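Have a look at the structure below, then the notes.
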Amino acid sequence: MTTAPVNPTPQPAMRLRELVFGAACAAAVRAAARLGVADVLGDTPTTATELAAQLDTEPRQLRRLLRALTCYGIFAETGGDRFEHTEMSRLLRDDAPNSLRHIALWCTEPWTWEAWPKLDEAVRSGRNVFPDLFGKEFFDYLHSDAGDSAKVFDKAMTTSSRQSARDFAEYLDLTGIDSVADIGGGQGHVLASLLEKHPALHGTLLDLPKVVAGADRRLQDGGAFSARARLVPGDCRVEIPVRADLYIIKNILEWDDDSTRRTLANVVAVARPGARVVVVENLVDNSPSMRFTTAMDLMLMLNVGGAKHSEESMVHLMQEAGLDVAAVRPVNPYLHAFESTVRG
């Protein structure tokens, strides 16, 4: 008896079937992250039964979960009911240098499963659907009604910010720059990375009061960089009372266009002509990470009514504000830097 060869390339109907079951893949990743499967699996292949004993789960059900994840390259089956790590499964470990565990949890939080089915309504109406679902705007709901989700959000954003901060610090050429202002810079991971790499640099972090209060310890009084760092509480959409040679605006221009215009205008209003402004964003075009960034773009549509930018839309808003954009360069596969100066 001979078996017909299997076509390794999924046909359109099969691929579409796989896509519409995408929720199963996301749920499987979430389950593995919550159970801590990657953390208990060591460097040697281990049976599902042995893993189940460590995780206090049912062996048969755990085996089914692992089998599903191996289809996506998350864990691998080696035979004899044994499973081992892959590059992706190691990213679900809490102790991995570039761990994505909290990001995986954040992207699959309970509220997301209620919001995604309303995507057609958001497309039809042109507004975010979150208040209709939960009676509050997204961040109000997160901090008042979903404390556990807010903690996951904070951990995910901290992880992501630290990783991208290192990449950005390596990317950025600070020749001729003595002072830098990180606008809406969260806990200041980018600023701390730059101060660490450039011992003569001085920097300012501007963000909302409660955000600045939780800034990287190295930037706070008594911290390693406190003598060269200034923490300024404020809202960049209202005013930016900071003079600097270089302004960094990273991953915050995803609100509505009016808020983006006000932030850029406030930078131009305070900066000297010729001052350097670097905007860093995920793009929905010209990027190898388009599947990821377009997914984020749709989520922003749902929960806050925001949007990720294309290269064209970002350049347009920057030029409109009075910035001359000289170049758009990749920082890493997920981020692009818009290099500009304040028009004289």
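Annotations
- The lone exception for Val211 - which of (1) over 19 Å from the mean Cα position of the chain (by Cα); (2) over 20 Å from Leu335 (Cα atoms); (3) among the aliphatic types (A, V, I, L, M) it fails: (1)
- Flag for Met299 being free of Cβ contacts under 8 Å to residues at least 12 places away in the same chain and either surrounded by fewer than 19 Cβ atoms within 10 Å (Cβ to Cβ) or out of contact with any strand residue (DSSP E or B) (no Cβ under 9 Å at 6 or more places or on another chain) (or both): no
- Given (1) among the charged types (D, E, K, R); (2) in contact with a Leu (Cβ under 8 Å, 6 or more places away or on another chain); (3) crowded, with 18+ Cβ neighbours inside 10 Å, number of the condition Glu109 does not satisfy: (2)
- Restricting attention to the stretch 129-160, the residues that are within 30 Å of Thr341 (Cα to Cα) and open to solvent by less than 30 Å² (accessible area, probe 1.4 Å) add up to 1.
- Residue, nearest to Asp324 (Cα to Cα), within the stretch 221-243, restricted to residues that are open to solvent by 60 Å² or more (accessible area, probe 1.4 Å) and touching a helix residue (DSSP H, G or I) at 6+ places or on another chain (Cβ under 9 Å): Arg243
- Among the residues of the stretch 313-344, the ones that are out of contact with any strand residue (DSSP E or B) (no Cβ under 7 Å at 6 or more places or on another chain) and not in a helix (DSSP H, G or I) come to 4 in all.
- Any chance Ser179 is closer than 24 Å to Asn282 by Cβ and touching a residue at least 24 places away in the same chain (Cβ under 8 Å): no
- Candidates Val20, Val37, filtered to the one that is under 26 Å from the mean Cα position of the chain (by Cα), open to solvent by less than 20 Å² (accessible area, probe 1.4 Å) and β-branched (Val, Ile, Thr): Val37
- Condition check for Gly214: outside any helix (DSSP H, G or I), under 30 Å from Pro110 (Cα atoms) and open to solvent by 30 Å² or more (accessible area, probe 1.4 Å): yes
- Pairs meeting the criteria (first residue in the stretch 19-34 and in contact (Cβ under 8 Å) with a residue 40 or more places away in the chain, second residue in a helix (DSSP H, G or I) and of a type in the set (Lys, Arg), beta carbons under 6 Å, at least 6 apart or on different chains) are Ala33/Arg101.
- Residue that is among the basic types (Lys, Arg) and within 26 Å of the chain's Cα centre (by Cα), where the choices are Arg82, Arg93, Arg63: Arg93
- Residues of the stretch 193-211 that turn out to be open to solvent by 60 Å² or more (accessible area, probe 1.4 Å), modelled with pLDDT of 95 or more and part of a loop (DSSP other than H, G, I, E, B), as a count: 2
- Failed item in (1) within 13 Å of Met301 (Cα to Cα); (2) at pLDDT below 95, with Phe139 passing the rest: (1)
- In the stretch 322-336, the residues that are farther than 23 Å from Arg261 by Cα reach residues that are among the polar types (S, T, N, Q) with C-beta atoms within less than 6 angstrom, at least six apart or across chains, in these pairs: Pro333/Ser289; Tyr334/Asn282; Tyr334/Ser289.
- One residue stands out among those in the stretch 41-58 that are out of contact with any Leu (no Cβ under 8 Å at 6 or more places or on another chain) and free of Cβ contacts under 8 Å to residues at least 12 places away in the same chain: the one that is nearest to Glu87 (Cα to Cα), which is Gly42.
- Across the stretch 244-287, the number of residues qualifying as aliphatic (A, V, I, L, M), open to solvent by 10 Å² or more (accessible area, probe 1.4 Å), under 16 Å from His316 (Cβ atoms) and in a loop (DSSP other than H, G, I, E, B) comes to 1.
- Within the stretch 43-62, considering residues that are touching an Asp or Glu at 6+ places or on another chain (Cβ under 7 Å) and of a type in the set (Gly, Ala, Ser), the one surrounded by the most Cβ atoms within 10 Å (Cβ to Cβ): Ala48
- So Ala265, is it in contact (Cβ under 8 Å) with a residue 40 or more places away in the chain, among the small types (Gly, Ala, Ser) and touching a helix residue (DSSP H, G or I) at 6+ places or on another chain (Cβ under 6 Å): yes
The values are calculated or read from the model by the stated rules, or taken from the named source; none is laboratory data. Keep in mind it's a predicted model, so treat the numbers as computed, not measured. Please note: Cβ atoms are built from the backbone with ideal geometry, for glycine as well, and neighbour counts cover all protein chains shown. Protein only, heavy atoms only, side chains kept; ligands, DNA and RNA dropped before computing areas. Shrake-Rupley method; radii C 1.70, N 1.55, O 1.52, S 1.80 Å.
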